[in-house]
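The values are calculated or read from the model by the stated rules, or taken from the named source; none is laboratory data. Bear in mind that the values here come from a model prediction, so they are computed numbers and not experimental data. Don't worry about glycine lacking a Cβ; one is built from the backbone with ideal geometry, like all the others, and counts go over all protein chains shown. When the accessible area is computed, the model is the full protein with side chains, heavy atoms only, and any ligands, DNA or RNA have been set aside. Shrake-Rupley method; radii C 1.70, N 1.55, O 1.52, S 1.80 Å.
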Amino acid sequence: MMRTAVLLATATACCAFTPLHNSKFVVKAPARSQVIVHGTFIEEFKFKRFFNRFTFKSFAAALEANGMAAELSKGDVTIFAPTDAAFEELGKEALAAVMADPAQLDTMVRYHMMAGKQMGPSFRLDNEKELVTLQGSSLKVDSDGTTAYVNDAKIETYDVETDEGVFHIIDWVNFPAAAGGAAAPAAAAPAAAAAPAAAAAPAGGGSDTHGKYDDMLWDINAKKDVFAAWDPAAPRSVNNFNPFERDETGNLADCSGYFPGGVRYKDPQRPDASFTIMQEEAKIMAEMATDPKFSIVGQPGNL
């Protein structure tokens, strides 16, 4: 009798702990739907850091100052977005000059936009393809099949989507050429005025720790002078470096070859700026980019 009771108790316990795999009483968790939430262009540029590297606060400010929020809200827009580092290369004075002139601001902003959603594969391999902007002028693609530029700006990253369209990250602020394909006459005078500063620099001057243009005007003429003297085969130094070479974060060096964040980096003395001066400099940069030495990398004189 006792044995029978034990067996019955064991059977009852086993039934109590039997998994209810097929029971109608099993409660299943509801399925989750994946929702990707984007913001507007201005929200994205104003508040986010992309890829733990790129920020766009200056471009967001330009979009807001130009009253672009309502137009962008219609959607279906492609933007080539210059990073904050790109605007730093433009310089505070130049940016302030553009922001203070409604016509120049509108030109700059719209020159970085295209109608429609144009993803990277639609143009990244099409060397010399022209992309019509909302400003009316075109950006020209320069691609070797791996790296692509639009005008002077390297495309760092493609196809970042927002609620209003897509943007591609670039490392330079582009400006359209003046009417007729040449810089406006007003640009010639400031460029010529800066020439004596370049000539006045001590030949091979500076010191062991700072270059010949230390505490002097660091304008396009000074950079051309340093670039002309640069010997890629010789060790990199304060007087032997490529002033147009960028570090891994997209920054250019100061007048001694030091990059932002370095102990000896010094904020250069930047020249006066205007829209026409920036157009002239863009033209000079395009000409310099044709020099074979411009694209040399991996040499002792490189970063």
Inset, instruction - Kindly write out, for the stretch 280-297 in residue order, the coupling ³J(HN,Hα) from the Karplus curve 6.51 cos²θ - 1.76 cosθ + 1.60 (θ = phi - 60°), rounded to whole Hz, with x marking Gly and Pro. - result: 5, 5, 4, 5, 5, 5, 4, 5, 5, 5, 7, 6, x, 5, 4, 9, 5, 9
Legend entry - Per-bin percent of Cα-Cα distances, the stretch 58-109 [5 Å]: 4, 19, 30, 27, 12, 6, 1
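Compare 41, 47 by solvent-accessible area with a 1.4 Å probe and give them largest first, with all protein chains kept in place.
On the way: 41 0, 47 150 Å².
Ranked from most to least accessible, the order is 47, 41.
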Inset, instruction - With all protein chains present, calculate the accessible area of residue 264 using a 1.4 Å probe and round the result to the nearest 10 Å². - result: 120
Inset, instruction - On the full set of protein chains, 1.4 Å probe, figure out the accessible area of residue 237 and give it in Å² to the nearest 10. - result: 50
Legend entry - Space enclosed by the convex hull of the alpha-carbon atoms of the stretch 207-303, per residue, Å³: 102
Inset, instruction - Using the structure shown, select from 129/212; 92/224; 92/283; 46/266; 154/224; 140/293 the pairs with a Cα to Cα distance greater than 30 angstrom. - result: 129/212
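Roughly what percent of Cα-Cα pairs across the stretch 26-174 reach past 21 Å? Please list the in-between numbers first.
On the way: 4811 of 11026 pairs.
Everything past 21 Å amounts to 44 percent.
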Inset, instruction - Could you provide, to the nearest whole Å², the per residue accessible area of the stretch 254-303 with probe 1.4 Å? - result: 56
Inset, instruction - Name the aspartates and glutamates eligible as straight-distance cross-link partners of residue 57: C-alpha to C-alpha under 12 Å, and not fewer than 8 places from it in the same chain. - result: 43, 44, 84, 88
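With a 1.4 Å probe and all protein chains in place, put 296, 169 in order of accessible area, largest first. Before the final figure, lay out each step's value.
Working: 296 55, 169 0 Å².
Result of the area sort, largest leading: 296, 169.
Mind ranking 79-86, 68-75 by how tightly packed they are, going by the mean number of other C-beta atoms within 10 angstrom, highest first?
On the way: 79-86: 23.6, 68-75: 13.6.
Output ranking for 79-86, 68-75: 79-86, 68-75.
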